[in-house]
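Accompanying notes for the structure given below.
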């Protein structure tokens, strides 16, 4: 233990906070790292696809992963700079196979290299169907498409993805979260919103009907405010999926980029937690809308982490990241983003929760304000540095140098 840590530990102890307990709790919180940051949401399908779904990474920074092996190497580097044990969130079109299955033909064997890699490293896999970047999604309609044949195609895709997720969960001995997001919507003002939402509801019911062991797989559904090409109406709105998650007793995914910039997703956590059994978070930074910037250690992230801790939601919340920025080093984006989420959680765990709640319960808002402001001066950074040191992970100038060195090694990728 360093002198700086011992002094910081004593400072927190004066407020009744046990820094050792906070670090131990943080070490047990896995964060699901999103694979699509590493290659600009391109995927590795051998069949030719199409654009669609409002998914776009901007920039052309050198070093994009071009193969599954390159992506796994980049992930190995990133995990090596992040304390704790974490997960990988994999999209369906990141299959690793010499075969050319269409989306309604994929099987667990098409992901065997990913499963073997994750098992060797003690990394849990999460999964997502890919309802975009395909010729049958070019109208930004999939599960709500008026054509029953197209709906059937995507229902089959979703069912096969759920089978794959259950296979991941069984093989790895930990629950695989499978998140369902579709790009469906209308660019201009529709005249029959109800019909589209009825079709989506019915398609989801069919897709989620096959039962899988909950110990192996957890379904989640994700809403969105709007996107490119669906500015007028998103079929799967927040209200739609909140109702659907309650209806099916499944997890609700809240993506920080999928709401109006003035809305607080942190505020939504306790509200929806009263109605749904589980929560999934996609932590992002929307500068205007769903622009998916790398998360900063800003007020939004700090508020999210504090709500998770103070509301007791960590046991039934899965935390994942969702951003993609091709203007900067992709591996650095992973490392900085995950570490910022961890820093926010650690700061929340280092607050004297009981004392703050007692002031609020007594309607002593002056005391609450005074405590909140004084606590900001506590030496959080020293606790984070100690946490990283114990995990043999760098901080400060050493971290920056490591990030730059790796980026230089991959910059020559075409």
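The values are calculated or read from the model by the stated rules, or taken from the named source; none is laboratory data. As the structure is a computational prediction, the values presented were derived from the model and not from experiment. Heads up, the Cβs are rebuilt from the backbone with ideal geometry, glycines too, and the neighbour counts pull from every protein chain shown.
Some observations on this one:
- Within the stretch 293-317, considering residues that are part of a loop (DSSP other than H, G, I, E, B) and touching a residue at least 40 places away in the same chain (Cβ under 8 Å), the one surrounded by the most Cβ atoms within 10 Å (Cβ to Cβ): 295
- Exclusive hit being surrounded by 17 or more Cβ atoms within 10 Å (Cβ to Cβ) and over 22 Å from residue 328 (Cβ atoms), set 46, 103: 103
- Filter result for the condition that a residue is touching a helix residue (DSSP H, G or I) at 6+ places or on another chain (Cβ under 6 Å), without any contact (Cβ under 8 Å) to a residue 24 or more places away in the chain and under 18 Å from residue 77 (Cβ atoms), over 331, 395: 395
- Among the numbered conditions (1) surrounded by 21 or more Cβ atoms within 10 Å (Cβ to Cβ); (2) touching a residue at least 40 places away in the same chain (Cβ under 8 Å); (3) closer than 22 Å to residue 178 by Cα, the only one that residue 78 does not meet is (3).
- Index of the failed condition, residue 164 passing every other in (1) surrounded by 24 or more Cβ atoms within 10 Å (Cβ to Cβ); (2) more than 24 Å from residue 46 (Cβ to Cβ); (3) at pLDDT 95 or above: (2)
- Remark: residue 407 matches the filter, which requires a residue to be part of a helix (DSSP H, G or I) and either under 21 Å from residue 23 (Cβ atoms) or touching a residue at least 60 places away in the same chain (Cβ under 8 Å) (or both).
- Matching helices (runs of 4 or more DSSP H) fully within the stretch 2-88 where at least 2 residues are closer than 21 Å to residue 406 by Cα and at pLDDT 95 or above: 68-79
- Screening residue 323 with (1) in a loop (DSSP other than H, G, I, E, B); (2) within 26 Å of residue 26 (Cβ to Cβ); (3) touching a residue at least 12 places away in the same chain (Cβ under 8 Å); (4) more than 13 Å from the chain's Cα centre (by Cα) gives one miss only, at (4).
- Condition check for residue 158: assigned to a helix (DSSP H, G or I) and under 27 Å from residue 35 (Cα atoms): yes
- Residue list for the stretch 281-292, filter: assigned to a loop (DSSP other than H, G, I, E, B) and under 24 Å from residue 176 (Cβ atoms): 284, 292
- Cβ-Cβ under 6 Å pairs, at least 6 apart or on other chains, the stretch 226-237 side without any contact (Cβ under 8 Å) to a residue 24 or more places away in the chain, far side assigned to a loop (DSSP other than H, G, I, E, B): 237/223
- Condition check for residue 252: buried (at least 22 other Cβ atoms within 10 Å of the Cβ) and either out of contact with any helix residue (DSSP H, G or I) (no Cβ under 9 Å at 6 or more places or on another chain) or more than 20 Å from residue 201 (Cβ to Cβ) (or both): no
- Within the stretch 126-154, considering residues that are without any contact (Cβ under 8 Å) to a residue 60 or more places away in the chain and under 23 Å from the mean Cα position of the chain (by Cα), the one nearest to residue 46 (Cα to Cα): 129
- Pair list, Cβ under 6 Å, 6 or more apart: the stretch 338-359 residue more than 22 Å from residue 318 (Cα to Cα), other residue at pLDDT 95 or above and not in a helix (DSSP H, G or I): 352/15; 352/16; 352/17
- Residues of the stretch 167-179 that are in contact with a helix residue (DSSP H, G or I) (Cβ under 7 Å, 6 or more places away or on another chain) and surrounded by fewer than 24 Cβ atoms within 10 Å (Cβ to Cβ): 167, 171, 172, 175.
- The set of residues in the stretch 380-393 being at negative phi, surrounded by fewer than 17 Cβ atoms within 10 Å (Cβ to Cβ) and either in a loop (DSSP other than H, G, I, E, B) or touching a strand residue (DSSP E or B) at 6+ places or on another chain (Cβ under 8 Å) (or both) consists of 391 alone.
- Of the listed requirements (1) more than 18 Å from residue 275 (Cβ to Cβ); (2) out of contact with any strand residue (DSSP E or B) (no Cβ under 6 Å at 6 or more places or on another chain); (3) surrounded by 17 or more Cβ atoms within 10 Å (Cβ to Cβ), residue 210 misses just one: (3).
- Some residue of the stretch 353-370 being surrounded by fewer than 13 Cβ atoms within 10 Å (Cβ to Cβ) and not in a helix (DSSP H, G or I): yes
- Test result for residue 130, touching a helix residue (DSSP H, G or I) at 6+ places or on another chain (Cβ under 8 Å), in a loop (DSSP other than H, G, I, E, B) and either closer than 22 Å to residue 251 by Cβ or modelled with pLDDT under 95 (or both): yes
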